[in-house]
Each structure stands twice: as C-alpha cells, then as structure tokens.
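The values are calculated or read from the model by the stated rules, or taken from the named source; none is laboratory data. Just so you know, these numbers come straight off a predicted model, no measurement behind them. Cβ placement follows ideal geometry from the backbone for every residue including glycine, while neighbour counts extend to all protein chains displayed.
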Amino acid sequence: MRTIVVGTRQSALALTQTGQAVELLKQLAEEHGIECQFEIKKIVTKGDRILDVTLSKVGGKGLFVKEIEQALTDGEIDIAVHSMKDMPFELPEGLVVGAIPKREDPRDALITRGYSSLDELPQGALVGTSSLRRASQLQHHRPDLRIESIRGNIDSRLRKLEEENFDAIMLAAAGMHRIGWQDRISAYLPPELCLPAVGQGALCIECRGNDTFVLDLLGKFQHEPTALAVRAERAFLGRLNGGCQVPLGAYASVVENSSGESTLLTLTGMVGTPDGATMLKETASGNDPEALGRLVAEKLIEQGAERILAEVRE
C-alpha cells in the first residue's frame with residue numbers, strides 16, 4: 001500500500017485545511033479502489049519565521065511555499081497543500097498543480113471591535129492588514145482610515161485586534177470559514193469594493209509531474225469551474241509579474257450555460273497605488289482563461305499599470 005506524505009505549513013489554518021483535503025482524498029481513494037494511506041508532515045517556511053516585517057519587504061509570493069516545494073522536489077513529501085494565493089506564477093521544474101479543489105468564499109472579511117460594516121468605522125479608524133492590495137482598496141474607498149501592518153497567523157492577528165488598539169483587521173473569509181470562526185466576521189467586503197487576491201479561497205494541491213499514482217488520485221479531486229477561474233486570475237498575475245508585494249487583485253466568476261457545452265468566464269482585475277489615490281480596474285469575459293487573464297492585464301497596462309507596479313517595487 002502506498003503511503004502518501006502530505007507537506008504543509010504548521011499554522012492552525014494550514015493544518016486544518018490540509019486535514020480537510022486529506023479526508024476528502026481518503027474518501028476519493030476508497031470510492032475508486034485506490035489503495036493508499038496518508039501521513040502529514042509539517043514544514044516551517046521563511047514566511048512563518050519572519051513575522052516582524054511586511055510581506056512586501058521580505059520577498060512577497062513564494063515565502064510560504066519555497067521550503068515545501070523543495071521537500072517535494074527532494075522526495076521527502078509526495079503532495080503539498082497550499083493556499084493558492086500564496087503560489088508564485090512560475091512553479092519549479094518537475095512540479096505541477098495536481099488539483100484545484102472547490103473554492104471557499106473568495107471575499108475579504110472585516111473583523112472589528114463592535115462595528116458592523118466598513119462604512120460604520122469611525123473617522124480615522126485604525127485598520128490592520130499586511131496586504132498592499134487590501135490597503136490600496138480600503139484607502140480608495142475610505143481615505144480617512146489609518147492602515148497599519150499586521151502579521152502572524154489568524155489567532156495572533158485576532159489577539160492583536162484586542163490588544164493593540166486596532167478598530168478592525170482584514171483577513172480572508174476562507175480562512176475564517178475553514179477554521180470555524182465565521183461568527184467572528186463583522187462584514188464581508190464584496191469584490192466590487194475589494195477585489196480578492198489571485199486565487200484567494202482556493203487551494204492548490206501540488207505534486208511531482210512524474211508521479212502518475214498521485215496524479216491519478218488528484219485528478220479526481222479537481223473542481224473544473226474553480227480551476228478555470230483560478231487559471232484566468234493567474235494568467236492576469238503572470239502578465240503583470242505580480243506578487244504579494246504589489247497592490248494587485250483579480251477575481252473570475254464562471255457561468256456555465258444550460259447545455260453545459262461552454263463556460264463563460266468574467267474576470268475583473270485591479271492595480272492601484274498603495275495610498276489608493278489611483279485605482280485601475282477592468283472587466284472582460286471570454287471562454288479561454290489564459291487569454292482572458294492576459295487581455296484584462298493588457299487593458300490595465302494601457303492605463304499605466306506597469307508604471308504603478310514598477311514604482312511600488314522600487
């Protein structure tokens with residue numbers, strides 16, 4: 001019987017979502033008569049070690065996956081469960097995305113001290129987020145807000161909300177749902193107000209491209225509508241060479257026609273300045289996810305997106 005070693009970060013959220021993925025994989029293996037068992041291996045990443053600096057200053061995307069991908073390449077683990085929004089556009093040679101399961105809620109969530117919406121926050125309220133994307137869109141909507149960087153796992157950020165005079169913090173709704181803390185959410189921010197990060201709410205199950213046993217199992221875990229949406233968002237990311245260190249967001253929704261013959265994707269992408277003073281947004285629809293992602297990126301490039309991103313990187 002094959003033992004499949006599953007690599008994950010060791011935060012409570014990472015272990016929870018990995019455990020949930022493994023349970024579903026066990027069910028799929030049983031249903032299809034695939035004989036295997038699973039073992040979870042915790043791996044510490046650079047992003048977990050450096051908690052006192054904003055993500056944009058320590059390297060952005062890849063911070064939470066590099067060590068796990070190395071373990072995959074070295075054969076220490078067989079699959080890795082990542083949050084898709086942590087994944088760089090380029091994967092290391094020999095590694096592939098084996099499956100993208102069904103997406104959780106992609107929206108950003110506001111957790112406050114007694115306020116029920118973003119508009120209810122008082123003038124000059126202090127909001128914690130380590131994301132330039134969130135900060136840019138918040139400041140565009142509410143220039144009066146004071147934004148301060150806040151790092152750490154979900155529970156430590158919720159603790160900082162209580163202990164460090166924040167009026168609110170922003171987190172991904174998906175993480176709060178997966179860990180079972182959705183009752184702590186004060187408000188959900190719709191994509192029209194705050195576009196999520198590329199792939200937010202989706203998981204990425206990564207494996208070696210030559211491991212046919214694992215690829216066969218993971219193929220049964222794929223949720224095609226989610227995968228199509230994420231491919232469009234990641235094509236947008238790739239064209240703009242984006243990462244955690246730039247204020248960039250994208251969200252694709254899928255409309256399957258009644259006959260099931262074709263799928264229409266609608267993608268909205270944004271690039272903004274960190275202070276929210278300039279906010280570029282474009283929406284387009286199409287059937288080819290990669291072409292759609294590039295198209296929306298090109299429309300933003302025509303409006304000056306690359307100049308904004310270059311200035312932020314400098």
- Message: For a quick check of your reading of the model, give me the residue pairs whose first member lies in region 152-167 and is more than 18 Å from A125 (Cα to Cα) and assigned to a helix (DSSP H, G or I), whose second is at pLDDT 90 or above and not hydrophobic (A, V, I, L, M, F, W, C), with beta-carbon atoms closer than 8 Å and at least 6 apart or on different chains.
- Response: I154/G175
- Just name the residue that is modelled with the highest pLDDT out of those in region 29-84 that are crowded, with 21+ Cβ neighbours inside 10 Å and among the acidic types (D, E). D78
- Message: Of everything in region 12-21, what is in contact (Cβ under 8 Å) with a residue 24 or more places away in the chain and surrounded by fewer than 23 Cβ atoms within 10 Å (Cβ to Cβ)? Give them in sequence order.
- Response: A12, L13, L15, T16, Q20, A21
- Go through (1) in the same structural domain as R307 (by TED's automatic domain parsing); (2) assigned to a loop (DSSP other than H, G, I, E, B) and name the single condition D144 misses. (1)
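Take the residues in region 85-127 that are under 18 Å from the mean Cα position of the chain (by Cα) and in a strand (DSSP E or B), then tell me which one is surrounded by the fewest Cβ atoms within 10 Å (Cβ to Cβ).
Out of the qualifying residues, it is V96.
Do we have Q200 as crowded, with 22+ Cβ neighbours inside 10 Å and either part of a loop (DSSP other than H, G, I, E, B) or of a type in the set (S, T, Y) (or both) here?
The answer is yes for Q200.
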- Query: For region 171-194, does any single residue satisfy the condition of being buried (at least 23 other Cβ atoms within 10 Å of the Cβ) and assigned to a loop (DSSP other than H, G, I, E, B)?
  - Reply: yes
- Query: So, of the residues in region 133-170 that are charged (D, E, K, R) and under 17 Å from the mean Cα position of the chain (by Cα), which turns out to be surrounded by the most Cβ atoms within 10 Å (Cβ to Cβ)?
  - Reply: R133
- Item | L292 being out of contact with any Pro (no Cβ under 7 Å at 6 or more places or on another chain) and not assigned by TED's automatic domain parsing to the domain that holds R133 | yes
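Per-residue answers, yes or no, for (1) closer than 28 Å to V81 by Cα; (2) in contact with a Lys or Arg (Cβ under 7 Å, 6 or more places away or on another chain); (3) not acidic (D, E):
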{"residue": "R208", "(1), (2), (3)": "yes, no, yes"}
{"residue": "L217", "(1), (2), (3)": "yes, no, yes"}
{"residue": "T268", "(1), (2), (3)": "yes, yes, yes"}
{"residue": "G276", "(1), (2), (3)": "no, no, yes"}
{"residue": "L280", "(1), (2), (3)": "no, no, yes"}
{"residue": "A291", "(1), (2), (3)": "yes, no, yes"}
{"residue": "G304", "(1), (2), (3)": "no, no, yes"}
